[in-house]
Amino acid sequence: MSKPIQCSLCEEAATVHLSQVVHGKVTKVHLCEACAQKGGATDPAVFQLADALAAATPAPTLTCPQCGFTDLDFRKRGRLGCPACWETFGEALDGLLLKVQHEPAHVGRAPAGAVPVAQLRRRLDAARLEMTAAVAGEDFEAAARLRDEIATLERQLAS
Amino acid sequence: MSVEDILAAESELTHLLGGQQAVVLSTRIRLARNLEGLPFPGWAKLPQRKETSDRCVTALEGLPKFRRGHVVRMGELGDRDRAVLVERHLVSKELAAGKSGAAVISRDQTVSVMVNEEDHLRIQVVKAGWHLRGTWHIAEQLDDALGGVLKMAFSDRLGYLTACPTNVGTGLRASAMVHLPGLCLAGHMDKVTRALNQDGLAVRGWLGEGTEAAGNVFQISNQQTLGLSEDAILKHLGGWIKHVVEQEWNARRKLAQEEGEKFVDRLARSLGVLRSARLLTSSEAMNMLSHLRLACDMGCLPEERRHLVDRLMIEGQPAHVQARAGQELDSDGRDRRRAAVVREALKDFPEVGPPTA
């Protein structure tokens, strides 16, 4: 028996075979059951991805020093290799993040003990603006509350 | 092995009585978390996955929440047992498909933490009915407790780091499982789905991603996880669910009013079929049970019978039917067995009356 064809997206054996003809050019995509279901076998994105895979197989330009994962691996899997990859591919991922998440930075919980510096800084900037507005509007109660918050934030950031 | 124990136990989703469970079947919170310094499961080598599994399972077993709970390792389970866990929403299809995944499940089955799924840890909390804040509160406490014993991968700018960019930030997916027969019968479901999609919410079928909406049951969840606080995500979902529930009730009342006897007839016929059928496919059962659930909500059947309908929806799924039978069954065998279970459960059900709600 011949060796089974590998899925274009992972390493499982492909069981779903798709062909698409665009401008007289035939593109073939082989998918395993799971990837076919996940991507929706009729999803044009699957073909775009296949085009991208077929068009360019250059050498990787970025490799994670921690786990050896490359930008090409990411293109193939759509998942990263390890937490440190976020550092390695940081800038390269920013565009994608904006597309899928619409926001560039985290706002929310942090593990106990972690000081979320960027978040505190953003809040500090906002609080300063709010205080200026409160003073201008003669809302001194709010201004006093914001002054205390700013002091606390500055203390947290200094530590 | 404890899948049998899991099946035998009274659980949140199969045995909870009363409560406000019309329309919203259950509320679910999922948090994606990863350990610092270890590759994500999809890229990790077997020894690394084993290390992840050992560290996570040990940490989880030590938490009070999982006292007298269950630890299930996918590599040690047969196909049917894994399918039972998927049907009960305790593990995902993806986890069940691999060999190195595990899940730690609380005794009452409200909390299950998947280990080595797409991320090292997937914390899941589920409550019957609509309890967004309460469900979140449990997940938050568990996250704090786990964060106390395991060092989580966290970036100041990007928040909790995950394998997939669609989960980074809060790692939070909040969802409601909703039963929308009114909107489906009235033909409004496409419109509702489009509106939800446009405002950043996903609508999926009964078993999550890529599954069909059997029995008019849908899962509605947030998509964005970055740049919104947990609180903002919950508020956004909560506002929409409230709206969908209102729309569903409007559609139901309108249908009942406009169709009159035809509305009651449809529900009564479903009870008739469920009570007499000798062969019942899974999707037929789901669709007819959906009618019974609607009848309970509308006062056509006593409301206290609704939990039995919910239980049959879960226990009528293929792996559950086989597990109860204690043997592998072919498709006809399953349909026969399912029909018998449903007939037995509904034998002293009262007749369907006119709506009172």
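Can you find, within region B:242-261, the residue that is surrounded by the fewest Cβ atoms within 10 Å (Cβ to Cβ) among those that are within 17 Å of B:GLY299 (Cβ to Cβ) and among the polar types (S, T, N, Q)? Within region B:242-261, the match that is surrounded by the fewest Cβ atoms within 10 Å (Cβ to Cβ) is B:GLN257. When the residues of region B:132-151 are filtered to those that are away from chain A (no Cβ under 14 Å) and crowded, with 19+ Cβ neighbours inside 10 Å, the one that is farthest from B:ALA96 (Cα to Cα) is B:LEU132.
Kindly indicate the residue of region A:93-106 that is farther than 19 Å from B:LEU201 by Cβ and touching a Pro at 6+ places or on another chain (Cβ under 9 Å) and also surrounded by the most Cβ atoms within 10 Å (Cβ to Cβ) among those meeting that condition. Outline the logic, then answer.
Of all residues in region A:93-106, those farther than 19 Å from B:LEU201 by Cβ come to A:93-98, A:104-106.
Add one more test, that the residue is touching a Pro at 6+ places or on another chain (Cβ under 9 Å), and what stays is A:93-94, A:96-98, A:106.
Working: A:LEU93: 19, A:ASP94: 11, A:LEU96: 14, A:LEU97: 20, A:LEU98: 13, A:HIS106: 28.
The residue in question is A:HIS106.
Determine, yes or no, whether B:GLY215 is in a helix (DSSP H, G or I), touching a residue at least 24 places away in the same chain (Cβ under 8 Å) and under 21 Å from the mean Cα position of the chain (by Cα). Break it down stepwise before answering.
Working: in a helix (DSSP H, G or I): yes; touching a residue at least 24 places away in the same chain (Cβ under 8 Å): yes; under 21 Å from the mean Cα position of the chain (by Cα): yes.
In short, yes.
With respect to the stated conditions, B:GLY62 fails to be free of Cβ contacts under 8 Å to residues at least 60 places away in the same chain and not charged (D, E, K, R). Within region A:109-145, being hydroxyl-bearing (Ser, Thr, Tyr) and within 14 Å of chain B (Cβ to nearest Cβ) holds for no residue.
Taking B:ARG275 as the residue in question, decide whether it is more than 20 Å from B:LEU185 (Cβ to Cβ), more than 14 Å from chain A (Cβ to nearest Cβ) and not β-branched (Val, Ile, Thr).
On the way: more than 20 Å from B:LEU185 (Cβ to Cβ): yes; more than 14 Å from chain A (Cβ to nearest Cβ): yes; not β-branched (Val, Ile, Thr): yes.
Taking the combined requirement at face value, the residue satisfies it.
The number of residues in region B:39-52 being surrounded by 20 or more Cβ atoms within 10 Å (Cβ to Cβ) and farther than 17 Å from B:PRO165 by Cβ comes to 3.
Here B:ASP156 passes the criteria (1) within 14 Å of chain A (Cβ to nearest Cβ); (2) surrounded by 24 or more Cβ atoms within 10 Å (Cβ to Cβ) except the one numbered (2). If I ask for residues that are at pLDDT 95 or above, surrounded by fewer than 19 Cβ atoms within 10 Å (Cβ to Cβ) and either touching a helix residue (DSSP H, G or I) at 6+ places or on another chain (Cβ under 7 Å) or under 15 Å from B:ARG30 (Cα atoms) (or both), which ones from region B:224-238 would you list? The one that is at pLDDT 95 or above, surrounded by fewer than 19 Cβ atoms within 10 Å (Cβ to Cβ) and either touching a helix residue (DSSP H, G or I) at 6+ places or on another chain (Cβ under 7 Å) or under 15 Å from B:ARG30 (Cα atoms) (or both): B:GLY238.
Hey, among the residues in region B:45-75 that are assigned to a loop (DSSP other than H, G, I, E, B) and out of contact with any Ser or Thr (no Cβ under 7 Å at 6 or more places or on another chain), which one's nearest to the other protein chains (Cβ to nearest Cβ)? Working first, answer last.
Quick first cut of region B:45-75, residues assigned to a loop (DSSP other than H, G, I, E, B) only: B:45, B:62-63, B:67-69.
Next, only the ones that are out of contact with any Ser or Thr (no Cβ under 7 Å at 6 or more places or on another chain) stay: B:45, B:62-63, B:67-68.
Values: B:LYS45: 10, B:GLY62: 17, B:LEU63: 15, B:ARG67: 22, B:ARG68: 27 Å.
Per the criteria, the residue is B:LYS45.
Does region A:131-143 hold any residues that are surrounded by fewer than 17 Cβ atoms within 10 Å (Cβ to Cβ) and touching a helix residue (DSSP H, G or I) at 6+ places or on another chain (Cβ under 8 Å), and which are they? Across region A:131-143, the qualifying residues are A:VAL135, A:PHE140, A:ALA142. Can you tell me which residue is farthest from B:VAL71 (Cα to Cα) among those in region B:132-161 that are in a loop (DSSP other than H, G, I, E, B), touching a helix residue (DSSP H, G or I) at 6+ places or on another chain (Cβ under 9 Å) and of a type outside the set (A, V, I, L, M, F, W, C)? If we take residues in region B:132-161 being in a loop (DSSP other than H, G, I, E, B), touching a helix residue (DSSP H, G or I) at 6+ places or on another chain (Cβ under 9 Å) and of a type outside the set (A, V, I, L, M, F, W, C), then B:ARG157 is farthest from B:VAL71 (Cα to Cα).
Residue by residue, here is whether (1) assigned to a helix (DSSP H, G or I); (2) touching a Pro at 6+ places or on another chain (Cβ under 8 Å); (3) modelled with pLDDT of 95 or more holds:
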position	(1), (2), (3)
B:PHE263	yes, yes, yes
B:LEU271	yes, no, yes
B:SER283	yes, no, no
B:ILE314	yes, no, no
B:ARG324	yes, no, no
B:ALA340	yes, no, yes
B:ARG343	yes, no, yes
B:GLY353	no, no, no
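Can you tell me how many residues in region A:87-108 are more than 25 Å from B:ASP231 (Cα to Cα) and either in contact (Cβ under 8 Å) with a residue 40 or more places away in the chain or within 9 Å of chain B (Cβ to nearest Cβ) (or both)? It would help to see each step written out before you state the result.
In the first step, residues of region A:87-108 are kept if they are more than 25 Å from B:ASP231 (Cα to Cα); the result is A:87-93, A:95.
In the following step, the residues that additionally are either in contact (Cβ under 8 Å) with a residue 40 or more places away in the chain or within 9 Å of chain B (Cβ to nearest Cβ) (or both) were identified as A:87, A:90, A:93.
Summing the residues that are more than 25 Å from B:ASP231 (Cα to Cα) and either in contact (Cβ under 8 Å) with a residue 40 or more places away in the chain or within 9 Å of chain B (Cβ to nearest Cβ) (or both) in region A:87-108 gives 3.
Please determine, by comparing only the residues of region A:107-128 that are farther than 30 Å from A:ALA143 by Cβ and out of contact with any Phe, Trp or Tyr (no Cβ under 9 Å at 6 or more places or on another chain), which one is surrounded by the fewest Cβ atoms within 10 Å (Cβ to Cβ). Filtering region A:107-128 for residues that are farther than 30 Å from A:ALA143 by Cβ and out of contact with any Phe, Trp or Tyr (no Cβ under 9 Å at 6 or more places or on another chain), the one surrounded by the fewest Cβ atoms within 10 Å (Cβ to Cβ) comes out as A:GLY113.
If you check B:ARG28 against the conditions, is it within 28 Å of B:THR166 (Cα to Cα) and either modelled with pLDDT under 95 or more than 14 Å from every other protein chain (Cβ to nearest Cβ) (or both)? Step through it out loud before you land on a result.
Values: within 28 Å of B:THR166 (Cα to Cα): yes; either modelled with pLDDT under 95 or more than 14 Å from every other protein chain (Cβ to nearest Cβ) (or both): yes.
When the stated conditions are applied, B:ARG28 passes them.
The values are calculated or read from the model by the stated rules, or taken from the named source; none is laboratory data. Model, not experiment: these values are computed from the prediction. Quick reminder, even Gly has a Cβ in these numbers, built from the backbone with ideal geometry, and neighbours come from all protein chains shown.
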